[in-house]
Structure formats: structure tokens, C-alpha cells
Amino acid sequence: MSEKMLAVWAAVFLALISPGQAQYDPLASDIFALPGEKGTTSSLNAQKVYIDPNADPLGIDALMQPIDPEHSTEYLNKIGGRTYLGPFVPAAQDLRGNWHLLLQGGVPGETQLFLVQNRDAVFGRGNLYLAGSTSSVSASGQAVKDVLYLDLINAETLVLYRCTLTMSKDFLSGSFAAFDAYGQAWSGTIQGSRSA
């Protein structure tokens with residue numbers, strides 16, 4: 001019995017001191033060495049593997065890019081014309097008819113508009129009177145509850161009047177921001193009423 005025990009202990013002892021069976025230390029080998037560094041042992045003849053500390057360990061770099069706003073669901077719905085497929089909120093007022101708007105601020109003026117309305121889309125045409133001159137304008141916008149967002153475009157002088165107006169029965173009031181083709185901008189207020 002003691003001879004068998006002695007043989008087992010001898011086998012374990014030889015296995016522990018054998019160089020091929022020694023515990024492997026990955027930090028001491030060349031396989032994980034950084035460029036220009038050498039490990040303490042060079043007994044492995046394997047190809048060197050360089051570890052990039054900035055590498056993406058999960059492989060999700062492509063998924064973590066910022067969202068492209070031109071391919072978001074909201075943008076595609078707007079340009080695809082699918083906004084009217086959802087629930088439609090009717091405007092508080094019917095804006096069909098003739099309107100007289102008084103613009104104050106920047107260059108004061110007034111405009112006579114004929115507006116039509118289809119659901120929340122409001123559009124029309126009219127004349128703009130500024131500093132003794134008359135020019136034609138087109139109107140396009142959207143009525144949301146009791147607010148009218150209306151763009152007036154003077155095609156002759158290339159001036160855009162972007163208006164935000166509160167609707168109250170036969171009256172409109174609010175503000176505008178004007179932009180011309182030369183990079184200038186100004187703002188003012190608008191008061192409007194429905195004409196007979």
C-alpha cells in the first residue's frame with residue numbers, strides 16, 4: 001500500500017516540476033505583448049497578437065452612430081405625406097374668405113388676402129402694399145386648434161413673411177419674421193380682420 005502511495009506522490013511531483021506542465025502565465029509571454037515590448041518568456045512560437053485598447057469589445061460601434069435626422073420616422077412621415085392619415089384635429093375657426101392684415105415693424109405695410117381652407121391646410125393669394133408699391137403674394141400655412149401658422153411669399157422681391165397668428169372668430173393677431181434673398185431679416189406684429 002505504501003509503495004502505491006509513494007508511486008502516486010512521485011507522479012504528482014514529476015508533473016509539477018516538469019517544464020511542459022508548469023502553470024501558464026499569459027502576461028509573461030510574447031503573445032500578449034504590446035508593440036515594441038517583449039515578454040519574459042519566448043518559448044511559444046505562436047504569432048503575436050496585439051490587443052487594441054480602443055477596440056469595440058462588443059462589436060456595436062456601427063449601431064451607436066448618431067441618428068440621421070433625414071431618415072427618422074418623423075421626417076419620412078412628413079415628406080411622405082402620411083401626416084393626414086392619422087387622426088385629424090380640426091381648426092377652431094373656418095378661415096375661408098377675404099382678410100385684411102396690417103403689418104407693423106421693419107417696413108410697415110398691409111395685405112389683402114383671399115384664403116381657402118382644406119382640413120388644417122390654409123392657402124391663398126393676395127396683394128401686399130409696402131411703401132407705396134403693390135406686389136402679389138401667395139399664402140400657405142397650417143391651422144392648429146386656435147393658431148394659424150402662415151407663410152406669405154412675395155415672389156417678385158423674394159421676401160418671406162413667416163407669421164404666427166392667434167385666431168379669434170373674425171380676427172387674427174400675432175407676430176411675423178421676414179427674410180429676404182440678401183440675408184436680411186426683421187420682425188414685427190400683425191393685426192388682421194375678415195373683410196366683407
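Nothing in this text is a laboratory measurement; each read-out follows from the coordinates by a stated rule. All figures in this text were calculated on a predicted structure; none of them were measured in a lab. Here the Cβ positions follow ideal geometry from the backbone for every residue, glycine too, while neighbour counts run over all protein chains shown.
A few comments on the model shown:
- Selection within the stretch 112-161 - part of a strand (DSSP E or B) and charged (D, E, K, R): Arg125, Asp151
- Leu95 being in a loop (DSSP other than H, G, I, E, B), of a type in the set (A, V, I, L, M) and out of contact with any helix residue (DSSP H, G or I) (no Cβ under 6 Å at 6 or more places or on another chain): yes
- Of the residues in the stretch 162-170, not one is within 16 Å of Pro108 (Cβ to Cβ), without any contact (Cβ under 8 Å) to a residue 24 or more places away in the chain and in a strand (DSSP E or B).
- Residue among Asp180, Asp146 that is out of contact with any helix residue (DSSP H, G or I) (no Cβ under 8 Å at 6 or more places or on another chain), among the acidic types (Asp, Glu) and within 25 Å of Asp94 (Cα to Cα): Asp146
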